[in-house]
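The values are calculated or read from the model by the stated rules, or taken from the named source; none is laboratory data. This is a predicted model, so every value here is computed, not measured. FYI the Cβ positions are ideal-geometry reconstructions off the backbone, even for glycines, and counts take in every protein chain you see. Only protein heavy atoms, including side chains, enter the accessible area calculation; ligands, DNA and RNA are left aside. Shrake-Rupley method; radii C 1.70, N 1.55, O 1.52, S 1.80 Å.
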Amino acid sequence: NFSTLGGSAQTSLNFSGTGSRITLGVESYTDRADASRDGAPRPQFPDAQRQAIGVFIQNEQTLGRLSLIPGLRYDRFKAESNTDVARATDEDRLSPKLGLGYTLTEHLTLTGSYGEAYRAPSLLETYAQGTHFLGNEFRPNPDLRPESAKNLELGFRIGLDSLWAEDDAL
C-alpha cells in the first residue's frame with residue numbers, strides 16, 4: 001500500500017512602480033509504503049516513509065526592455081525504513097535559477113535561462129529488497145544520492161495580437 005499526502009501554496013507580490021514581482025512558495029508531502037498483503041510482510045517492497053519539503057523565492061524584475069528573473073529553491077527530504085532494513089537518509093540542496101529576457105520589438109523577445117534541479121530517490125529506489133523475478137536480487141541502498149541536473153535554455157518568444165480577429169492572440 002503506497003500513499004502520498006501533501007500540499008503546496010504560492011503567492012506573488014507586485015510592487016507597483018518598481019517593475020518587480022516576487023513569488024514565494026512552499027510544498028510538502030509525505031510518502032508512506034506498507035509492505036504487507038493480507039497482513040503478511042512482503043520484503044520485495046519497502047515498508048518505509050519519506051517526508052519532503054521545498055521552499056522557493058523568485059523575483060521578476062523588468063528594467064526597460066530587459067527582464068531579469070533570479071530565483072532560489074531549497075529542498076530537503078528525510079526517509080526511513082520502518083523495519084530497519086537500512087539506515088535513514090536526510091538530504092538537502094539549494095538550487096539556483098537565473099532567467100533573462102530582452103525585448104527586441106513589440107512582438108519579439110530573446111530569452112535565456114540557467115537553472116538547477118534536484119530529485120530525491122523514491123522509497124522503492126532506496127528500500128526495495130528481496131528477489132524480484134527469478135535471479136534478480138534487490139538490496140536496500142540508503143547511500144543512493146539524489147539526482148541533480150543543470151539546464152541551459154536559449155530561445156525567443158513571438159507574440160501577435162489581432163492576427164485574424166479582433167481579440168485573438170498567437
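The table below lists the values:
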item	result
Failed item, numbered, when Asp84 is tested on (1) over 21 Å from the mean Cα position of the chain (by Cα); (2) open to solvent by 50 Å² or more (accessible area, probe 1.4 Å); (3) farther than 25 Å from Tyr127 by Cβ	(3)
Sole exception among (1) surrounded by 15 or more Cβ atoms within 10 Å (Cβ to Cβ); (2) in contact with a strand residue (DSSP E or B) (Cβ under 6 Å, 6 or more places away or on another chain); (3) not hydrophobic (A, V, I, L, M, F, W, C) for Pro121, by number	(2)
Near pairs, Cβ below 6 angstrom, 6+ apart or cross-chain, from the stretch 9-37 (within 24 Å of Asp84 (Cα to Cα) and in contact (Cβ under 8 Å) with a residue 40 or more places away in the chain) to any residue that is open to solvent by less than 40 Å² (accessible area, probe 1.4 Å) and not in a loop (DSSP other than H, G, I, E, B)	Asp31/Arg50; Asp31/Leu123; Ala33/Ala48; Ala33/Leu123
Some residue of the stretch 132-143 being at pLDDT 85 or above and open to solvent by less than 50 Å² (accessible area, probe 1.4 Å)	no
All positions within the stretch 101-115 that are over 21 Å from the mean Cα position of the chain (by Cα) and either closer than 15 Å to Thr62 by Cα or not aliphatic (A, V, I, L, M) (or both)	Gly101, Tyr102, Thr103, Leu104, Thr105, Glu106, His107, Thr109, Leu110, Thr111
When residues of the stretch 87-102 are limited to those that are touching a Lys or Arg at 6+ places or on another chain (Cβ under 9 Å) and open to solvent by 50 Å² or more (accessible area, probe 1.4 Å), the one farthest from Ala52 (Cα to Cα)	Tyr102
Odd one out for Thr4, checked against (1) among the β-branched types (Val, Ile, Thr); (2) over 29 Å from Leu170 (Cβ atoms); (3) surrounded by 13 or more Cβ atoms within 10 Å (Cβ to Cβ)	(3)
Members of the stretch 47-87 found to be more than 30 Å from Thr103 (Cβ to Cβ) and either in contact with a Cys (Cβ under 7 Å, 6 or more places away or on another chain) or of a type in the set (Phe, Trp, Tyr) (or both), listed by number	Tyr74, Phe77
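Residue-wise test of (1) over 30 Å from Glu137 (Cβ atoms); (2) open to solvent by 80 Å² or more (accessible area, probe 1.4 Å); (3) charged (D, E, K, R); (4) touching a Gly at 6+ places or on another chain (Cβ under 7 Å).
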{"position": "Gln10", "(1), (2), (3), (4)": "yes, yes, no, yes"}
{"position": "Asp34", "(1), (2), (3), (4)": "no, no, yes, no"}
{"position": "Gly39", "(1), (2), (3), (4)": "no, no, no, no"}
{"position": "Ala52", "(1), (2), (3), (4)": "no, no, no, no"}
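Matching residues to (1) outside any strand (DSSP E or B); (2) modelled with pLDDT of 90 or more; (3) under 19 Å from the mean Cα position of the chain (by Cα):
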{"site": "Ser8", "(1), (2), (3)": "no, yes, yes"}
{"site": "Thr11", "(1), (2), (3)": "no, yes, yes"}
{"site": "Thr23", "(1), (2), (3)": "no, yes, yes"}
{"site": "Val26", "(1), (2), (3)": "no, yes, yes"}
{"site": "Thr30", "(1), (2), (3)": "no, yes, yes"}
{"site": "Phe45", "(1), (2), (3)": "yes, no, no"}
{"site": "Gln51", "(1), (2), (3)": "no, yes, yes"}
{"site": "Ile57", "(1), (2), (3)": "no, yes, yes"}
{"site": "Glu60", "(1), (2), (3)": "no, yes, no"}
